[in-house]
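Contents: one structure, followed by commentary.
The values are calculated or read from the model by the stated rules, or taken from the named source; none is laboratory data. As the structure is a computational prediction, the values presented were derived from the model and not from experiment. Backbone-built Cβ (ideal geometry, glycine too); neighbour counts: all protein chains shown.
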Amino acid sequence: MTFALALHIALAGMMLGLAAWTIAARETFAAVVGFVVYGLFLALVWVRLDALDVALAEAAIGGGLNGLLLLGAAARLRAAEAPADAERPGASLRLLAALLSATVAAALAAAVLLLPEPAPTLAPAAAANAAATGLANPVTNVLMAFRAMDTMLEKVVLLLAVVGVWSIAPDHFWGGRPGVRHQADPQGTLAFLARVLTPFGIVVGIYLSWTGASHPGGAFQGATILAAMWLLIMMAGLADTPPMNARRLRLMLIAGPAVFLLVGLGGLAFGAAFLAYPAAYAKPLILAIEAAMVLTVAITLGLLVAGPPERSAAP
Amino acid sequence: MALDIVTIVAVSAGAFFFLAGTVGLLRFPDTLTRLHALTKADNLGVGLVALGLLPRAGSLSGGLKLICVWLLVLLASATVSQLIARAARDSGPLP
(Lines give C-alpha, C1' and ligand atoms only; values in the text may rest on other atoms or scores of the structure.)
Protein backbone atom coordinates (compact mmCIF):
# COMPACT_ATOMS: atom_id res chain seq x y z
CA MET A 1 0.00 0.00 0.00
CA THR A 2 1.50 3.33 -1.02
CA PHE A 3 1.73 6.28 1.32
CA ALA A 4 -0.75 8.32 -0.75
CA LEU A 5 -3.33 5.55 -0.63
CA ALA A 6 -2.95 5.19 3.13
CA LEU A 7 -3.38 8.98 3.46
CA HIS A 8 -6.54 8.92 1.33
CA ILE A 9 -8.06 6.07 3.31
CA ALA A 10 -7.27 7.83 6.59
CA LEU A 11 -8.77 11.07 5.25
CA ALA A 12 -11.93 9.31 4.06
CA GLY A 13 -12.24 7.53 7.40
CA MET A 14 -11.87 10.82 9.28
CA MET A 15 -14.55 12.41 7.08
CA LEU A 16 -17.00 9.59 7.76
CA GLY A 17 -16.27 9.63 11.49
CA LEU A 18 -16.65 13.41 11.68
CA ALA A 19 -19.91 13.29 9.72
CA ALA A 20 -21.31 10.61 12.04
CA TRP A 21 -20.15 12.57 15.09
CA THR A 22 -21.74 15.78 13.81
CA ILE A 23 -25.07 14.04 13.28
CA ALA A 24 -24.93 12.23 16.62
CA ALA A 25 -23.89 15.28 18.69
CA ARG A 26 -26.68 16.21 21.11
CA GLU A 27 -25.76 19.87 21.57
CA THR A 28 -26.26 22.27 18.66
CA PHE A 29 -22.97 24.02 19.48
CA ALA A 30 -20.99 20.77 19.38
CA ALA A 31 -22.63 19.82 16.08
CA VAL A 32 -21.67 23.19 14.58
CA VAL A 33 -18.05 22.75 15.67
CA GLY A 34 -18.09 19.28 14.12
CA PHE A 35 -19.45 20.76 10.92
CA VAL A 36 -16.70 23.40 10.76
CA VAL A 37 -13.99 20.76 11.20
CA TYR A 38 -15.76 18.66 8.58
CA GLY A 39 -15.58 21.61 6.17
CA LEU A 40 -11.84 22.01 6.75
CA PHE A 41 -11.23 18.30 6.15
CA LEU A 42 -13.35 18.50 3.01
CA ALA A 43 -11.03 21.27 1.81
CA LEU A 44 -8.09 18.88 2.33
CA VAL A 45 -9.93 16.26 0.26
CA TRP A 46 -10.35 18.77 -2.58
CA VAL A 47 -6.62 19.53 -2.38
CA ARG A 48 -5.87 15.81 -2.76
CA LEU A 49 -8.22 15.76 -5.78
CA ASP A 50 -6.17 18.63 -7.32
CA ALA A 51 -9.20 20.94 -7.18
CA LEU A 52 -7.49 23.89 -5.49
CA ASP A 53 -10.18 26.42 -6.44
CA VAL A 54 -12.86 24.30 -4.81
CA ALA A 55 -10.62 23.68 -1.80
CA LEU A 56 -10.17 27.43 -1.26
CA ALA A 57 -13.90 28.03 -1.57
CA GLU A 58 -14.71 25.15 0.78
CA ALA A 59 -12.22 26.31 3.43
CA ALA A 60 -13.44 29.92 3.22
CA ILE A 61 -17.19 29.31 2.92
CA GLY A 62 -17.84 25.79 4.22
CA GLY A 63 -15.37 25.95 7.08
CA GLY A 64 -15.32 29.66 7.85
CA LEU A 65 -18.38 31.64 6.93
CA ASN A 66 -20.99 28.87 7.15
CA GLY A 67 -19.54 27.99 10.54
CA LEU A 68 -19.96 31.59 11.68
CA LEU A 69 -23.57 31.67 10.43
CA LEU A 70 -24.36 28.39 12.18
CA LEU A 71 -22.62 29.49 15.40
CA GLY A 72 -24.78 32.62 15.40
CA ALA A 73 -27.87 30.47 14.87
CA ALA A 74 -26.79 28.09 17.66
CA ALA A 75 -26.32 31.02 20.05
CA ARG A 76 -29.82 32.29 19.27
CA LEU A 77 -31.32 28.82 19.68
CA ARG A 78 -29.62 28.15 23.01
CA ALA A 79 -32.61 29.30 25.07
CA ALA A 80 -34.96 27.09 23.06
CA GLU A 81 -32.72 24.06 23.10
CA ALA A 82 -33.95 22.39 26.30
CA PRO A 83 -37.68 22.56 25.45
CA ALA A 84 -36.95 21.45 21.88
CA ASP A 85 -34.95 18.53 23.23
CA ALA A 86 -37.85 17.49 25.44
CA GLU A 87 -40.14 16.95 22.48
CA ARG A 88 -37.80 14.77 20.46
CA PRO A 89 -39.55 12.88 17.69
CA GLY A 90 -40.31 9.23 18.36
CA ALA A 91 -37.96 6.38 17.53
CA SER A 92 -39.93 5.31 14.45
CA LEU A 93 -39.86 8.81 12.96
CA ARG A 94 -36.13 9.10 13.55
CA LEU A 95 -35.58 5.67 12.02
CA LEU A 96 -37.57 6.78 8.99
CA ALA A 97 -35.47 9.95 8.66
CA ALA A 98 -32.28 7.88 8.95
CA LEU A 99 -33.54 5.48 6.29
CA LEU A 100 -34.41 8.33 3.95
CA SER A 101 -30.97 9.92 4.42
CA ALA A 102 -29.22 6.59 3.93
CA THR A 103 -31.20 5.98 0.72
CA VAL A 104 -30.22 9.38 -0.66
CA ALA A 105 -26.57 8.74 0.25
CA ALA A 106 -26.67 5.29 -1.35
CA ALA A 107 -28.28 6.69 -4.52
CA LEU A 108 -25.60 9.39 -4.76
CA ALA A 109 -22.84 6.83 -4.20
CA ALA A 110 -24.37 4.56 -6.88
CA ALA A 111 -24.59 7.47 -9.32
CA VAL A 112 -20.90 8.25 -8.80
CA LEU A 113 -19.75 4.63 -8.90
CA LEU A 114 -21.82 3.77 -12.00
CA LEU A 115 -20.33 6.58 -14.09
CA PRO A 116 -18.89 5.22 -17.35
CA GLU A 117 -15.11 4.96 -17.57
CA PRO A 118 -13.82 7.52 -18.49
CA ALA A 119 -16.46 9.75 -16.95
CA PRO A 120 -18.14 12.23 -19.32
CA THR A 121 -16.27 15.54 -19.14
CA LEU A 122 -16.14 18.89 -20.84
CA ALA A 123 -12.68 19.63 -19.45
CA PRO A 124 -10.85 19.09 -22.80
CA ALA A 125 -13.31 21.44 -24.53
CA ALA A 126 -12.77 24.07 -21.81
CA ALA A 127 -8.99 23.69 -22.08
CA ALA A 128 -9.08 23.85 -25.89
CA ASN A 129 -10.99 27.16 -25.85
CA ALA A 130 -8.96 28.76 -23.04
CA ALA A 131 -7.35 31.19 -25.49
CA ALA A 132 -10.73 32.80 -26.19
CA THR A 133 -10.65 34.84 -22.97
CA GLY A 134 -6.97 35.41 -22.26
CA LEU A 135 -7.30 33.98 -18.74
CA ALA A 136 -4.99 31.16 -17.72
CA ASN A 137 -7.11 29.61 -14.96
CA PRO A 138 -9.55 27.16 -16.58
CA VAL A 139 -11.91 27.33 -13.58
CA THR A 140 -12.23 31.09 -13.92
CA ASN A 141 -12.77 30.61 -17.65
CA VAL A 142 -15.70 28.30 -16.99
CA LEU A 143 -17.17 30.49 -14.24
CA MET A 144 -16.80 33.84 -15.97
CA ALA A 145 -17.12 32.97 -19.67
CA PHE A 146 -18.33 29.49 -20.63
CA ARG A 147 -20.96 29.28 -17.88
CA ALA A 148 -21.20 32.98 -17.06
CA MET A 149 -25.00 32.80 -16.98
CA ASP A 150 -24.87 30.42 -14.00
CA THR A 151 -22.45 32.67 -12.14
CA MET A 152 -24.64 35.70 -12.75
CA LEU A 153 -27.74 33.93 -11.46
CA GLU A 154 -25.74 32.76 -8.43
CA LYS A 155 -25.02 36.41 -7.59
CA VAL A 156 -28.72 37.22 -7.89
CA VAL A 157 -29.49 34.35 -5.50
CA LEU A 158 -27.04 35.87 -2.99
CA LEU A 159 -28.90 39.18 -3.28
CA LEU A 160 -32.19 37.36 -2.68
CA ALA A 161 -30.68 35.77 0.42
CA VAL A 162 -29.94 39.22 1.87
CA VAL A 163 -33.49 40.32 1.04
CA GLY A 164 -34.71 37.19 2.80
CA VAL A 165 -32.69 37.95 5.93
CA TRP A 166 -33.82 41.58 5.94
CA SER A 167 -37.45 40.64 5.45
CA ILE A 168 -37.66 39.01 8.88
CA ALA A 169 -36.94 42.39 10.52
CA PRO A 170 -39.75 43.76 12.69
CA ASP A 171 -41.54 46.70 11.02
CA HIS A 172 -40.27 49.37 13.41
CA PHE A 173 -36.64 48.39 12.79
CA TRP A 174 -37.00 48.40 8.99
CA GLY A 175 -34.09 50.43 7.65
CA GLY A 176 -32.18 49.98 10.89
CA ARG A 177 -28.89 48.36 11.73
CA PRO A 178 -28.41 44.58 11.82
CA GLY A 179 -27.54 42.71 14.99
CA VAL A 180 -26.39 44.14 18.28
CA ARG A 181 -23.73 46.81 18.59
CA HIS A 182 -20.69 44.85 19.65
CA GLN A 183 -19.06 46.30 22.72
CA ALA A 184 -15.44 45.37 23.14
CA ASP A 185 -12.59 47.00 24.98
CA PRO A 186 -11.02 49.38 22.41
CA GLN A 187 -7.62 48.58 23.94
CA GLY A 188 -8.44 44.88 24.26
CA THR A 189 -7.17 41.78 22.54
CA LEU A 190 -9.92 41.54 19.93
CA ALA A 191 -9.53 45.18 18.90
CA PHE A 192 -5.78 44.59 18.66
CA LEU A 193 -6.30 41.59 16.38
CA ALA A 194 -8.77 43.55 14.24
CA ARG A 195 -6.24 46.38 13.84
CA VAL A 196 -3.26 44.13 13.05
CA LEU A 197 -4.92 41.43 10.96
CA THR A 198 -7.22 43.52 8.79
CA PRO A 199 -4.51 45.09 6.57
CA PHE A 200 -3.06 41.63 5.88
CA GLY A 201 -6.53 40.22 5.25
CA ILE A 202 -7.40 42.96 2.78
CA VAL A 203 -4.16 42.36 0.87
CA VAL A 204 -4.71 38.59 0.83
CA GLY A 205 -8.37 38.97 -0.19
CA ILE A 206 -7.61 41.29 -3.09
CA TYR A 207 -4.62 39.15 -4.13
CA LEU A 208 -6.77 36.02 -4.14
CA SER A 209 -9.37 37.71 -6.33
CA TRP A 210 -6.76 39.14 -8.69
CA THR A 211 -4.68 35.98 -9.04
CA GLY A 212 -7.83 33.99 -9.85
CA ALA A 213 -7.35 34.96 -13.50
CA SER A 214 -4.31 32.73 -13.83
CA HIS A 215 -4.00 30.70 -10.60
CA PRO A 216 -6.35 29.00 -8.15
CA GLY A 217 -8.41 31.64 -6.41
CA GLY A 218 -11.13 33.96 -7.53
CA ALA A 219 -13.70 36.58 -6.69
CA PHE A 220 -15.70 34.44 -4.29
CA GLN A 221 -12.75 33.21 -2.23
CA GLY A 222 -11.18 36.66 -2.04
CA ALA A 223 -14.50 38.28 -1.17
CA THR A 224 -15.02 35.82 1.69
CA ILE A 225 -11.73 36.90 3.25
CA LEU A 226 -12.69 40.57 2.85
CA ALA A 227 -16.05 39.82 4.47
CA ALA A 228 -14.28 38.07 7.34
CA MET A 229 -12.12 41.17 7.91
CA TRP A 230 -15.19 43.41 7.91
CA LEU A 231 -16.92 41.10 10.39
CA LEU A 232 -13.83 41.09 12.60
CA ILE A 233 -13.86 44.90 12.70
CA MET A 234 -17.57 44.91 13.55
CA MET A 235 -17.17 42.25 16.26
CA ALA A 236 -14.25 44.11 17.80
CA GLY A 237 -16.55 47.12 18.10
CA LEU A 238 -14.25 49.28 15.96
CA ALA A 239 -17.09 50.03 13.52
CA ASP A 240 -20.84 49.70 13.72
CA THR A 241 -22.90 47.58 11.35
CA PRO A 242 -24.29 49.78 8.56
CA PRO A 243 -27.98 50.69 8.52
CA MET A 244 -29.78 48.76 5.79
CA ASN A 245 -31.32 51.88 4.30
CA ALA A 246 -27.92 53.41 3.48
CA ARG A 247 -27.83 54.19 -0.22
CA ARG A 248 -24.13 53.42 -0.66
CA LEU A 249 -24.60 50.01 0.92
CA ARG A 250 -27.49 49.15 -1.37
CA LEU A 251 -25.55 50.33 -4.42
CA MET A 252 -22.64 48.09 -3.45
CA LEU A 253 -25.06 45.21 -2.93
CA ILE A 254 -26.32 45.38 -6.51
CA ALA A 255 -23.00 46.38 -8.13
CA GLY A 256 -21.98 42.81 -9.00
CA PRO A 257 -25.22 41.60 -10.63
CA ALA A 258 -25.73 45.03 -12.26
CA VAL A 259 -22.32 45.10 -13.96
CA PHE A 260 -22.79 41.48 -14.98
CA LEU A 261 -26.21 42.25 -16.46
CA LEU A 262 -24.93 45.38 -18.26
CA VAL A 263 -22.06 43.44 -19.84
CA GLY A 264 -24.52 40.70 -20.77
CA LEU A 265 -26.92 43.15 -22.42
CA GLY A 266 -23.93 44.76 -24.15
CA GLY A 267 -23.18 41.36 -25.63
CA LEU A 268 -26.76 41.19 -26.87
CA ALA A 269 -26.59 44.68 -28.40
CA PHE A 270 -23.14 44.64 -29.94
CA GLY A 271 -22.14 40.99 -30.04
CA ALA A 272 -23.47 37.58 -30.87
CA ALA A 273 -25.55 36.77 -27.80
CA PHE A 274 -26.36 37.61 -24.19
CA LEU A 275 -23.06 37.61 -22.21
CA ALA A 276 -21.01 37.14 -25.39
CA TYR A 277 -17.78 39.05 -24.77
CA PRO A 278 -16.12 40.63 -27.81
CA ALA A 279 -12.87 38.70 -28.16
CA ALA A 280 -10.64 41.76 -27.94
CA TYR A 281 -12.21 42.98 -24.68
CA ALA A 282 -12.91 39.62 -23.02
CA LYS A 283 -10.25 39.90 -20.33
CA PRO A 284 -10.89 43.53 -19.26
CA LEU A 285 -14.65 42.89 -19.21
CA ILE A 286 -14.23 39.79 -17.07
CA LEU A 287 -11.91 41.64 -14.69
CA ALA A 288 -14.44 44.49 -14.40
CA ILE A 289 -17.22 42.03 -13.56
CA GLU A 290 -14.97 40.29 -11.05
CA ALA A 291 -14.05 43.58 -9.35
CA ALA A 292 -17.71 44.49 -8.92
CA MET A 293 -18.48 40.94 -7.78
CA VAL A 294 -15.77 40.99 -5.10
CA LEU A 295 -17.33 44.13 -3.61
CA THR A 296 -20.86 42.75 -3.78
CA VAL A 297 -20.04 39.28 -2.45
CA ALA A 298 -17.99 40.69 0.44
CA ILE A 299 -20.81 43.06 1.46
CA THR A 300 -23.44 40.35 0.97
CA LEU A 301 -21.65 37.74 3.08
CA GLY A 302 -20.98 40.30 5.82
CA LEU A 303 -24.63 41.32 5.91
CA LEU A 304 -25.80 37.69 5.92
CA VAL A 305 -23.74 37.03 9.05
CA ALA A 306 -24.73 40.35 10.63
CA GLY A 307 -28.38 39.30 10.41
CA PRO A 308 -31.68 41.17 10.19
CA PRO A 309 -32.06 44.75 11.44
CA GLU A 310 -32.65 44.74 15.18
CA ARG A 311 -32.32 48.39 16.14
CA SER A 312 -32.96 51.81 14.67
CA ALA A 313 -30.46 53.45 12.34
CA ALA A 314 -29.36 56.04 14.93
CA PRO A 315 -26.04 54.92 16.47
CA MET B 1 21.00 15.52 2.00
CA ALA B 2 21.71 17.82 4.92
CA LEU B 3 18.62 19.83 4.01
CA ASP B 4 16.57 16.63 3.90
CA ILE B 5 17.69 15.84 7.43
CA VAL B 6 16.69 19.34 8.55
CA THR B 7 13.24 18.79 7.01
CA ILE B 8 12.78 15.35 8.55
CA VAL B 9 13.94 16.41 12.03
CA ALA B 10 11.98 19.67 12.13
CA VAL B 11 8.72 18.29 10.70
CA SER B 12 8.90 15.25 13.00
CA ALA B 13 9.49 17.52 15.99
CA GLY B 14 6.53 19.65 14.86
CA ALA B 15 4.36 16.55 14.57
CA PHE B 16 5.46 15.53 18.06
CA PHE B 17 4.32 18.89 19.47
CA PHE B 18 0.98 18.48 17.70
CA LEU B 19 0.60 15.03 19.22
CA ALA B 20 1.60 16.26 22.68
CA GLY B 21 -0.74 19.24 22.35
CA THR B 22 -3.63 17.00 21.32
CA VAL B 23 -3.01 14.58 24.17
CA GLY B 24 -2.92 17.55 26.55
CA LEU B 25 -6.14 18.94 25.07
CA LEU B 26 -7.85 15.62 25.72
CA ARG B 27 -6.33 14.81 29.11
CA PHE B 28 -5.82 18.09 30.99
CA PRO B 29 -8.41 18.84 33.66
CA ASP B 30 -9.56 22.43 33.00
CA THR B 31 -9.87 25.13 30.35
CA LEU B 32 -6.69 27.04 31.12
CA THR B 33 -4.39 24.01 31.13
CA ARG B 34 -6.04 22.73 27.95
CA LEU B 35 -5.39 26.12 26.34
CA HIS B 36 -1.78 25.86 27.45
CA ALA B 37 -1.48 22.50 25.67
CA LEU B 38 -3.19 23.84 22.56
CA THR B 39 -0.93 26.86 22.19
CA LYS B 40 2.13 24.60 22.28
CA ALA B 41 0.78 22.75 19.25
CA ASP B 42 0.00 25.98 17.43
CA ASN B 43 3.18 27.87 18.19
CA LEU B 44 5.89 25.22 18.21
CA GLY B 45 4.15 22.66 16.02
CA VAL B 46 3.35 24.99 13.13
CA GLY B 47 6.64 26.83 13.60
CA LEU B 48 8.72 23.65 13.35
CA VAL B 49 6.72 22.33 10.39
CA ALA B 50 7.18 25.67 8.59
CA LEU B 51 10.89 25.63 9.45
CA GLY B 52 11.22 22.10 8.13
CA LEU B 53 9.46 22.96 4.89
CA LEU B 54 11.57 26.07 4.25
CA PRO B 55 14.40 24.17 2.45
CA ARG B 56 11.75 22.69 0.16
CA ALA B 57 10.02 26.00 -0.61
CA GLY B 58 11.80 26.24 -3.97
CA SER B 59 11.68 30.02 -4.21
CA LEU B 60 12.24 33.00 -1.96
CA SER B 61 8.60 34.10 -2.21
CA GLY B 62 7.45 30.57 -1.39
CA GLY B 63 9.61 30.58 1.74
CA LEU B 64 8.36 34.02 2.74
CA LYS B 65 4.77 32.79 2.36
CA LEU B 66 5.55 29.90 4.70
CA ILE B 67 6.96 32.31 7.28
CA CYS B 68 3.90 34.57 6.87
CA VAL B 69 1.61 31.59 7.48
CA TRP B 70 3.50 30.79 10.66
CA LEU B 71 3.39 34.41 11.90
CA LEU B 72 -0.35 34.69 11.14
CA VAL B 73 -1.05 31.45 12.98
CA LEU B 74 0.96 32.79 15.93
CA LEU B 75 -1.07 36.00 15.94
CA ALA B 76 -4.40 34.21 15.63
CA SER B 77 -3.70 31.51 18.21
CA ALA B 78 -2.29 33.95 20.76
CA THR B 79 -5.34 36.22 20.40
CA VAL B 80 -7.87 33.42 20.42
CA SER B 81 -6.38 31.74 23.49
CA GLN B 82 -6.45 35.12 25.29
CA LEU B 83 -10.12 35.54 24.39
CA ILE B 84 -11.05 32.00 25.40
CA ALA B 85 -9.16 32.32 28.68
CA ARG B 86 -10.94 35.61 29.43
CA ALA B 87 -14.32 34.10 28.60
CA ALA B 88 -13.54 31.11 30.85
CA ARG B 89 -12.52 33.44 33.69
CA ASP B 90 -15.61 35.62 33.33
CA SER B 91 -18.08 32.76 33.06
CA GLY B 92 -17.13 30.94 36.21
CA PRO B 93 -14.76 30.60 39.13
CA LEU B 94 -11.38 29.18 38.25
CA PRO B 95 -11.03 25.61 39.37
**Message:** Of the residues A:Ala194, A:Ala184, only one is more than 22 Å from the chain's Cα centre (by Cα), outside the structural domain of A:Ala43 (by TED's automatic domain parsing) and either among the aliphatic types (A, V, I, L, M) or in a helix (DSSP H, G or I) (or both); which?
**Reply:** A:Ala184
**Prompt:** Looking at the stretch A:8-29, which of its residues are at pLDDT below 90 and in a helix (DSSP H, G or I)?
**Reply:** A:Ile23, A:Ala24, A:Thr28, A:Phe29
**Complete:** Being in the same structural domain as A:Val180 (by TED's automatic domain parsing), closer than 23 Å to A:Ala191 by Cα and modelled with pLDDT under 85 narrows A:Pro242, A:Pro315 down to just A:Pro315
**Message:** Only one of A:Val156, A:Val139, A:Val163 is in contact with a helix residue (DSSP H, G or I) (Cβ under 6 Å, 6 or more places away or on another chain), on the phi < 0 side of the Ramachandran plot and either of a type in the set (Asp, Glu) or at pLDDT 90 or above (or both). Can you tell me which?
**Reply:** A:Val156
**Message:** Being on the phi > 0 side of the Ramachandran plot and either surrounded by 13 or more Cβ atoms within 10 Å (Cβ to Cβ) or within 14 Å of chain B (Cβ to nearest Cβ) (or both) is the requirement here; does A:Gly134 meet it?
**Reply:** yes
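This table checks each residue for (1) touching a Ser or Thr at 6+ places or on another chain (Cβ under 9 Å); (2) within 14 Å of chain A (Cβ to nearest Cβ); (3) of a type in the set (Val, Ile, Thr).
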residue: B:Thr33; (1), (2), (3): no, no, yes
residue: B:Ala37; (1), (2), (3): yes, no, no
residue: B:Lys40; (1), (2), (3): no, no, no
residue: B:Val46; (1), (2), (3): yes, no, yes
residue: B:Val49; (1), (2), (3): no, no, yes
residue: B:Ser61; (1), (2), (3): no, yes, no
residue: B:Ala78; (1), (2), (3): yes, yes, no
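Quick check, is A:Ala126 surrounded by 10 or more Cβ atoms within 10 Å (Cβ to Cβ), touching a helix residue (DSSP H, G or I) at 6+ places or on another chain (Cβ under 7 Å) and without any contact (Cβ under 8 Å) to a residue 40 or more places away in the chain?
For A:Ala126, the condition - surrounded by 10 or more Cβ atoms within 10 Å (Cβ to Cβ), touching a helix residue (DSSP H, G or I) at 6+ places or on another chain (Cβ under 7 Å) and without any contact (Cβ under 8 Å) to a residue 40 or more places away in the chain - is met.
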**Asked** Looking at A:Gly205, is it surrounded by 21 or more Cβ atoms within 10 Å (Cβ to Cβ), within 14 Å of another protein chain (Cβ to nearest Cβ), at pLDDT 85 or above and assigned to a helix (DSSP H, G or I)?
**Response** yes
**Prompt:** Of all residues in the stretch B:51-77, which are crowded, with 16+ Cβ neighbours inside 10 Å and touching a residue at least 24 places away in the same chain (Cβ under 8 Å)?
**Reply:** B:Leu51, B:Gly52, B:Leu53, B:Trp70, B:Val73, B:Ser77
**Complete:** All conditions in (1) modelled with pLDDT of 90 or more; (2) surrounded by fewer than 18 Cβ atoms within 10 Å (Cβ to Cβ) are true of A:Gly34 except (2)
**Request:** From the list A:Ile254, A:Ile289, pick out the single residue that is assigned by TED's automatic domain parsing to the domain that holds A:Ser167, touching a residue at least 40 places away in the same chain (Cβ under 8 Å) and surrounded by fewer than 18 Cβ atoms within 10 Å (Cβ to Cβ).
**Result:** A:Ile254
**Asked** What about A:Phe192, is it over 23 Å from A:Arg76 (Cβ atoms), in contact with a helix residue (DSSP H, G or I) (Cβ under 6 Å, 6 or more places away or on another chain), at pLDDT 85 or above and aromatic (Phe, Trp, Tyr)?
**Response** no
**Complete:** Taking first residues from the stretch B:7-29 that are within 20 Å of B:Ile84 (Cα to Cα) and second residues anywhere that are not in a helix (DSSP H, G or I), the pairs with Cβ under 8 Å that are 6 or more apart or on different chains are B:Pro29/B:Pro95
